[in-house]
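The values are calculated or read from the model by the stated rules, or taken from the named source; none is laboratory data. These figures come from a predicted structure and were not determined experimentally. Every residue, glycine as well, gets a Cβ built from its backbone with ideal geometry; the counts of neighbours run over all protein chains shown. For accessibility, only protein heavy atoms count, side chains too; no ligands or nucleic acids. Shrake-Rupley method; radii C 1.70, N 1.55, O 1.52, S 1.80 Å.
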Amino acid sequence: MIKALMARLAQRERTVEYPAKEPVLPPRFRGRPQLRAEKCSGCGSCAEACPTQAITAGPLSLDMGKCIFCGLCAEICGEGAVTFTTDYKLAASSRQDLTGPEYRLARALEKKTLALFGRSLKLRQVSAGGCNACEADVNVLNTVVFDLGRFGIQFVASPRHADGLLITGPVTKNMEYALVETYNAVPAPKIVIAVGACAVSGGLYAGHEQTAGIPPQIPVNLYVPGCPPHPMTILDGLLRLLAKI
Amino acid sequence: MKDILDIVAFRNRVINAVSGGKALLALFALPEHVLCAVLGDREKRSAETLFAAVEGDEYPSLTPQCPQAHMFEREIAEQYDIAPLGHPWLKPVRFHRPYRAGAKVFAETGPAVCDFFRVEGAEIHEVAVGPVHAGIIEPGHFRFQCYGENVLHLDIALGFQHRGAERALVSNPKRRIFYMETLAGDTTIGHTLAYCRNIESLGGMQISESAEAARAVALELERLANHAGDLGALAGDIGYLPTMSFCGRLRGDFLNMTALLCGSRFGRGLLRGGGLRRPVTKEIADELLSRLIAAEADLKNAVELLWNTPSVLARFENTGVISAENAVALGLAGPCARACGLGIDARKDFPSGIYLKREFEPAVCATGDVYARAMTRWIECRDSIALIKEILPAAVCGPEPEAKPALAPDSLSVSVEEGWRGEICHIARTDARGQLDFYKVVDPSFRNWPGLALAMRGQQISDFPLCNKSFNLSYCGHDL
């Protein structure tokens, strides 16, 4: 016991001071894209390189929901018309808010739902073809570093105990039924959060005969882009949804 | 391509090679009705490929004499509708339509709709779990045959994660490297490196020593992040919260070191054929080293608590035991095999990159239980940290511009990398024009899932989370 206590002292306090302080992200982190149409020559080499048809030239636009933030477009553009900033705040309330040209950050839930979930939100996570990167960076929110519980958000084991779903992956055909059943098992009112390029748009797996996407009977309240999104991007989205920032 | 054997000769050669100690790294069908086996010779540090033509749509199964072929033959039957006659437990692997029309071997069914091994008896009950699990993890279905709390048998049905990546990456060259990065998202470096090796081999590219050192650093950082996370999760599964909490944080610290290199915690965008996509500067190497030294002390502090706590050892020891004989028979890979006393590791047996010029000693434990799988990970963490410290100064290198070398036509390339879960085997083939026309991926999870089922025999059902975590296998890496 004394060894565990000594270890606890040695490991120190590790929870980030967010949202009181801005988080420190790696300098090479690729966050919100910045487009400078005036620099674009319209050559189309960015669109040619893009693996997910997220970017188009003439007029220059980038769909953050399709983007996997590989940075090939920025690397290939000789004019500097596309760059990636380190801004991690990307989550949006609707699919259109991610397509640009003006990206719009997520808005809070409407008043009645917010009154229900604002102080306590229980989520059931469903991975439906996710590669385990989105899953890992959702899971990490439960560690002492992010300490999701302090915001009143918790992941629960049963959809019956949940207020909503957090979905990752392109929704494989083989998971479609299980996803719908899990959604139906969540008591209403309920919310849905799509995390990662795959869940938002199919990402790299869009157009595969083996993937279906989130079915239309499951309405999505929050879209979190990225491949995978940084944990801060996911947390920022959740807190915006709950009007905590 | 090399000589094509008749199926009887092929079968005998594979069975004899495997019973003589060779590793069946892959066994698969090519679209033109040809079987291919990749046999690794760990002593000679080499691999050979054997081919056999299949007459009609069936051939005599290898599995009765060579249990390692079990999953591979089920995959062949599902993908190409070729029946391995006499296979003891033939059923789908991923529950998708076969690659050619008019499936005969398996009727089209939904995922996990298949026979499960059943024990009958008045006091026997069956427990079904999944595909949606209680935690934040990927989907899979588990069927336990139980007598009271005791598990008599576990049958595992996967395929829920099937995205069709293996064939899509051939037909979509623009997405190819990104598919590699997401085959198993927690093994981005491992799989992408295996792919790069094939492209470099087919394209005749030379890699600088500094780029090789940087790649080795990235591969070890990936191992460290996952092993640290697993050690924490193992502690969590038995309710030992200090190590769970500390290692949860440390895992992120290792991921953030990878993010220093390329901006992504999972190593997305770091590698490309020919070298690295992004430079490793002196400043980055220095920063990485100072973070590594800090994390090393914290990891030691967190993990050694496990070995000093009797209640932890009581749960780890003798739980989920696999014998060395069974590990060999099933063809287990990675830390799960090394925990059973097998000194197999691609860094030693099939060296590439920096390992061509240095000796590597795999971490080995003997007892084959959860304790051994945890301890193997801890030894590997220490080895990885020591290795990174040593080679980091030599890893400062510039980026490589994107090269699209002409690939050798009508060639086949095999690469094996030791990812954190074990040997990752990729096979690439080019057509007469030098374009990839076939690609095969064997994630170590494909070899290890039957090991988990075996480890659960005779265990209490409540030991499943602990045993499962001690393997921590990939669902999408298996389902691709």
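The set of residues in the range B:9-40 being under 22 Å from B:F350 (Cβ atoms) and part of a loop (DSSP other than H, G, I, E, B) consists of B:G20, B:G21, B:K22. Filtering the range B:363-398 to residues that are of a type in the set (S, T, Y) and surrounded by fewer than 21 Cβ atoms within 10 Å (Cβ to Cβ) leaves only B:T367. Counting only residues that are modelled with pLDDT under 95 and closer than 22 Å to B:I344 by Cβ, the range B:405-439 holds 0 of them.
Criterion first (at pLDDT 95 or above and in a helix (DSSP H, G or I)) does B:C336 satisfy it?
yes
Yes/no per residue for (1) at negative phi; (2) hydroxyl-bearing (S, T, Y); (3) touching a residue at least 12 places away in the same chain (Cβ under 8 Å); (4) open to solvent by 10 Å² or more (accessible area, probe 1.4 Å):
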| residue | (1), (2), (3), (4) |
| --- | --- |
| B:E126 | yes, no, yes, yes |
| B:A134 | yes, no, no, yes |
| B:E138 | yes, no, yes, no |
| B:H153 | yes, no, yes, yes |
| B:A168 | yes, no, no, yes |
| B:S171 | yes, yes, no, yes |
| B:L193 | yes, no, yes, no |
| B:G204 | no, no, yes, yes |
| B:E212 | yes, no, yes, yes |
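Within the range B:429-480, the residues that satisfy the criterion of being over 11 Å from the mean Cα position of the chain (by Cα) and among the acidic types (D, E) are B:D431, B:D437, B:D463, B:D479.
Kindly indicate which of B:A329, B:A333, B:A408 is within 18 Å of the chain's Cα centre (by Cα), small (G, A, S) and surrounded by fewer than 20 Cβ atoms within 10 Å (Cβ to Cβ).
Details: B:A333 fails: surrounded by fewer than 20 Cβ atoms within 10 Å (Cβ to Cβ); B:A408 fails: within 18 Å of the chain's Cα centre (by Cα).
On inspection, the qualifying residue turns out to be B:A329.
Remark: pairs (first residue in the range B:87-108, farther than 10 Å from B:R74 by Cβ and away from chain A (no Cβ under 14 Å); second residue open to solvent by less than 50 Å² (accessible area, probe 1.4 Å) and among the aromatic types (F, W, Y); Cβ separation under 8 Å; 6+ apart in sequence or on different chains) = B:R100/B:Y80.
Whenever a residue of the range B:296-308 is outside any helix (DSSP H, G or I), its partners that are charged (D, E, K, R), lying with C-beta atoms within less than 7 angstrom and at least six residues away or across chains, give the pairs B:N308/A:K3.
A quick yes/no check of all residues on (1) modelled with pLDDT under 95; (2) among the small types (G, A, S); (3) under 11 Å from the mean Cα position of the chain (by Cα):
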| site | (1), (2), (3) |
| --- | --- |
| A:N139 | no, no, no |
| A:D147 | no, no, no |
| A:Q154 | no, no, no |
| A:H161 | no, no, no |
| A:S201 | no, yes, no |
| A:A206 | no, yes, no |
| A:I214 | no, no, no |
| A:P231 | no, no, yes |
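State the number of residues belonging to the range B:432-480 that are under 18 Å from B:T192 (Cβ atoms) and touching a Cys at 6+ places or on another chain (Cβ under 7 Å). Total satisfying the criteria: 2. With respect to being more than 22 Å from B:G135 (Cβ to Cβ), among the small types (G, A, S) and open to solvent by less than 30 Å² (accessible area, probe 1.4 Å), A:G169 falls outside the description.
Residues that are more than 14 Å from chain B (Cβ to nearest Cβ): find the helices (runs of 4 or more DSSP H) completely inside the range A:43-141 holding 2 or more of those. Please lay out each step first, then the result.
Details: elements: A:45-49, A:72-76, A:111-117, A:133-139.
Counting at least 2 such residues, we get A:111-117.
Of the residues B:R457, B:R429, B:R433, B:R447, which single one is open to solvent by 10 Å² or more (accessible area, probe 1.4 Å) and closer than 22 Å to B:H96 by Cα? So that I can check it myself, show each step before the final result.
Working: B:R457 fails: closer than 22 Å to B:H96 by Cα; B:R429 fails: closer than 22 Å to B:H96 by Cα; B:R433 fails: closer than 22 Å to B:H96 by Cα.
The match here is B:R447.
Close Cβ contacts (under 8 Å, 6 or more residues apart or on different chains) running from residues in the range B:262-280 that are within 11 Å of chain A (Cβ to nearest Cβ) and part of a helix (DSSP H, G or I) to residues that are of a type in the set (A, V, I, L, M) and open to solvent by less than 10 Å² (accessible area, probe 1.4 Å) comprise B:C262/B:L270.
For B:E222, are the conditions met, namely being charged (D, E, K, R), away from chain A (no Cβ under 12 Å) and part of a helix (DSSP H, G or I)? So B:E222 fails the test. Of all residues in the range A:1-42, those satisfying the criterion of being under 28 Å from the mean Cα position of the chain (by Cα), facing chain B (nearest Cβ under 9 Å) and open to solvent by 50 Å² or more (accessible area, probe 1.4 Å) are A:R14, A:P27, A:R28. For the range B:465-476, indicate whether the set of residues that are more than 26 Å from B:V151 (Cα to Cα), away from chain A (no Cβ under 14 Å), in contact (Cβ under 8 Å) with a residue 60 or more places away in the chain and surrounded by fewer than 24 Cβ atoms within 10 Å (Cβ to Cβ) is non-empty. So far as the range B:465-476 goes, no, none of its residues is more than 26 Å from B:V151 (Cα to Cα), away from chain A (no Cβ under 14 Å), in contact (Cβ under 8 Å) with a residue 60 or more places away in the chain and surrounded by fewer than 24 Cβ atoms within 10 Å (Cβ to Cβ).
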